[in-house]
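Student: The structure that follows is given in the form of structure tokens.
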Amino acid sequence: MAIDDAGVWRESGRRTRFLRVGFLAVMALIAVRLVIIQGLQHDHYLQRYEEVARQSIELHARRGTVTDRVGRELAVDRPAIAVYVHPDRLQDVRGTSERLGAILGMDPEEIRQRILDCPDPFMYVDRQVDASLKPQIIEVTRLEPKGVGTEPATRRVYPKGALAADLLGFTGIEHTGLAGLEATFEPRLHGKAGLAV
């Protein structure tokens with residue numbers, strides 16, 4: 001049985017033409033889409049770029065340090081973390097409460113009750129946790145990745161303890177001076193927030 005060389009070449013030529021036409025059609029579609037995006041919708045995409053590129057992030061000011069006359073720190077901010085939960089996303093409320101209570105030195109039953117009573121989708125468990133506890137809290141977040149989280153925070157520390165406590169005063173959870181020198185010099189100690197563009 002003889003092979004028809006002319007028929008094979010004809011069939012091969014048809015397939016090649018079909019592939020060329022298909023390739024050219026795809027390239028034409030891409031070219032048309034590029035013209036639409038870069039030419040006709042240029043202003044729309046430029047505006048979207050400018051909105052994203054010009055977003056600004058608020059940078060919170062650090063609270064100033066209170067020192068004595070020779071420069072020893074009497075009141076200073078230290079790094080901390082805020083621990084929060086999303087009550088409706090927790091899988092094991094009791095277990096999470098027990099683990100967080102053990103780490104934070106809080107009553108697990110109190111944490112559990114706060115979580116169960118919380119009507120909001122977000123709740124702080126503690127907003128000024130010592131930053132050295134972060135590795136232990138990360139272990140809890142691994143068990144409850146959608147329910148437990150942390151964010152950077154600061155906490156006001158008084159290195160000399162109760163020394164001149166009445167004179168120094170104290171700050172609230174929002175780092176606002178509430179009594180003593182902390183309240184008297186609030187405008188100077190509070191600082192001014194900035195923007196990162």
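Student: For Val148, list long-range residues whose amide hydrogen, built 1.01 Å from N in the peptide plane, is under 5 Å from its own amide hydrogen.
Tutor: Placed amide hydrogens put His86 under 5 Å from Val148.
Student: Could you go through the stretch 118-125 in sequence order and give the Karplus-derived ³J(HN,Hα) for each residue, using 6.51 cos²θ - 1.76 cosθ + 1.60 with θ = phi - 60°, rounded to whole Hz, and x for Gly and Pro?
Tutor: 6, x, 8, x, 9, 8, 6, 8
Student: If every alpha-carbon in the stretch 155-197 counts as one equal scatterer, what log10 I(q)/I(0) does Debye give at q = 0.19, 0.22, 0.32 1/Å?
Tutor: Log10 of I(q)/I(0), two decimals: -0.59, -0.73, -1.18.
Student: Whose amide H sits under 5 Å from the amide H of Ala61, counting only residues 5 or more places off or on another chain, with H placed in the peptide plane?
Tutor: Those qualifying (amide H under 5 Å, at least 5 residues apart or on another chain) are Ala193, Gly194.
Student: Please list, ordered by chain and number, the residues whose modelled amide H lies under 5 Å from the amide H of Thr171; skip anything fewer than 5 residues away on the same chain.
Tutor: Distant-sequence amide H within range of Thr171: Leu178.
Student: Ok, one more. May I ask you to give the percent of accessible area on the chain that is carbon plus sulfur, with a probe radius of 1.4 Å?
Tutor: Values: 8160 of 14190 Å².
Carbon and sulfur atoms account for 58 percent of the accessible area of the chain.
Student: Still on this structure, I have one more. Where does each of 133-145, 37-49 land if you order them by average Cβ count within 10 Å, highest first?
Tutor: Averaged packing, sorted descending, gives the order 133-145, 37-49.
Student: Moving on to the next point. Against the globular-protein guess of 2.2 N^0.38 Å, express the Cα radius of gyration of the chain as a ratio, rounded to two decimals.
Tutor: After normalising by residue count via 2.2 N^0.38 Å, the value is 1.94.
Student: With an 8 Å Cα cut-off and a minimum separation of 6 or more residues, compute the relative contact order for the chain in percent.
Tutor: After rounding, I find 26 percent.
Student: Once you order the gyration tensor axes a ≥ b ≥ c over the Cα atoms, which shape class does the stretch 111-197 get: rounded for a/c under 1.5, otherwise prolate or oblate by comparing a/b with b/c?
Tutor: On the way: a/c = 2.06, a/b = 1.82, b/c = 1.14.
Prolate, since a/c reaches 1.5 and a/b exceeds b/c.
Student: Related question: So what is the accessible area of the chain per residue, in Å², with the probe set to 1.4 Å?
Tutor: Here the residues of the chain average 72 Å² of exposed surface.
The values are calculated or read from the model by the stated rules, or taken from the named source; none is laboratory data. What you see is a predicted model, and the numbers here were worked out from it, not measured in a lab. Positions of Cβ are generated from backbone atoms using ideal geometry, with glycine treated the same way; all protein chains shown enter the neighbour counts. Surface accessibility is based on the protein's heavy atoms, side chains included, excluding ligands, DNA and RNA. Shrake-Rupley method; radii C 1.70, N 1.55, O 1.52, S 1.80 Å.
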